[in-house]
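What follows is one structure encoded as structure tokens, with my remarks underneath.
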Amino acid sequence: MPQKKSTVKRLRQTERITARRRAEKSRLATAVKKVESAPPEERDARVREAVSKIDKAVKTGVLKKRTAARRKSRVMKKSAGSDA
């Protein structure tokens with residue numbers, strides 16, 4: 001257990017931030033799964049939702065820019081592949 005006040009505070013902050021980021025990543029995973037399980041007529045809307053959530057995760061610092069680009073690419077690829 002930390003001794004200094006500043007270290008104790010930093011530990012509290014880290015726990016809060018970690019929980020928030022973990023929840024956001026979980027929401028991203030759920031959005032991607034919804035794209036995969038959506039019927040063809042709803043798939044475009046689900047892809048837009050997933051891409052929007054990925055972009056927001058980059059904006060808030062949960063994901064890095066290139067990671068987000070890769071994930072968006074994979075979501076769109078799965079969506080296009082399942083249309084055929």
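Given the structure, is Glu24 surrounded by 10 or more Cβ atoms within 10 Å (Cβ to Cβ), in contact with a helix residue (DSSP H, G or I) (Cβ under 7 Å, 6 or more places away or on another chain), at pLDDT below 95 and part of a helix (DSSP H, G or I)?
Against the criterion (surrounded by 10 or more Cβ atoms within 10 Å (Cβ to Cβ), in contact with a helix residue (DSSP H, G or I) (Cβ under 7 Å, 6 or more places away or on another chain), at pLDDT below 95 and part of a helix (DSSP H, G or I)), Glu24 does not qualify.
Out of the range 8-37, which residues are over 18 Å from the mean Cα position of the chain (by Cα) and either aliphatic (A, V, I, L, M) or closer than 21 Å to Arg70 by Cβ (or both)?
Val8, Leu11
Here are some residues: Leu63, Leu11. Which one is of a type outside the set (Val, Ile, Thr) and out of contact with any helix residue (DSSP H, G or I) (no Cβ under 6 Å at 6 or more places or on another chain)?
Numbers: Leu63 fails: out of contact with any helix residue (DSSP H, G or I) (no Cβ under 6 Å at 6 or more places or on another chain).
Testing whether each residue is of a type outside the set (Val, Ile, Thr) and out of contact with any helix residue (DSSP H, G or I) (no Cβ under 6 Å at 6 or more places or on another chain) leaves just Leu11.
Conditions: (1) free of Cβ contacts under 8 Å to residues at least 12 places away in the same chain; (2) part of a helix (DSSP H, G or I). Met1 meets all but one. Number of the miss?
(2)
Kindly indicate the residue of the range 38-58 that is acidic (Asp, Glu) and at pLDDT 95 or above and also farthest from Arg70 (Cα to Cα) among those meeting that condition.
Among those residues, the one meeting the criterion is Glu49.
Here are some conditions: (1) in contact (Cβ under 8 Å) with a residue 24 or more places away in the chain; (2) of a type in the set (Gly, Ala, Ser); (3) over 24 Å from Ala19 (Cα atoms). Ala57 meets all but one. Which one does it not meet?
(3)
Can you tell me which condition Lys4 does not meet? The list is (1) surrounded by fewer than 10 Cβ atoms within 10 Å (Cβ to Cβ); (2) in contact with a Lys or Arg (Cβ under 6 Å, 6 or more places away or on another chain); (3) among the basic types (Lys, Arg), and all the others hold.
Result: Lys4 passes all but (2).
When the residues of the range 27-83 are narrowed to those that are in a helix (DSSP H, G or I) and of a type in the set (S, T, N, Q), which ends up surrounded by the most Cβ atoms within 10 Å (Cβ to Cβ)?
Top of the filtered list is Ser79.
The values are calculated or read from the model by the stated rules, or taken from the named source; none is laboratory data. All values reported here derive from a predicted model rather than from experimental measurement. When we count neighbours, we look across all protein chains shown, and the Cβ atoms used for this are built from the backbone with ideal geometry, even at glycine.
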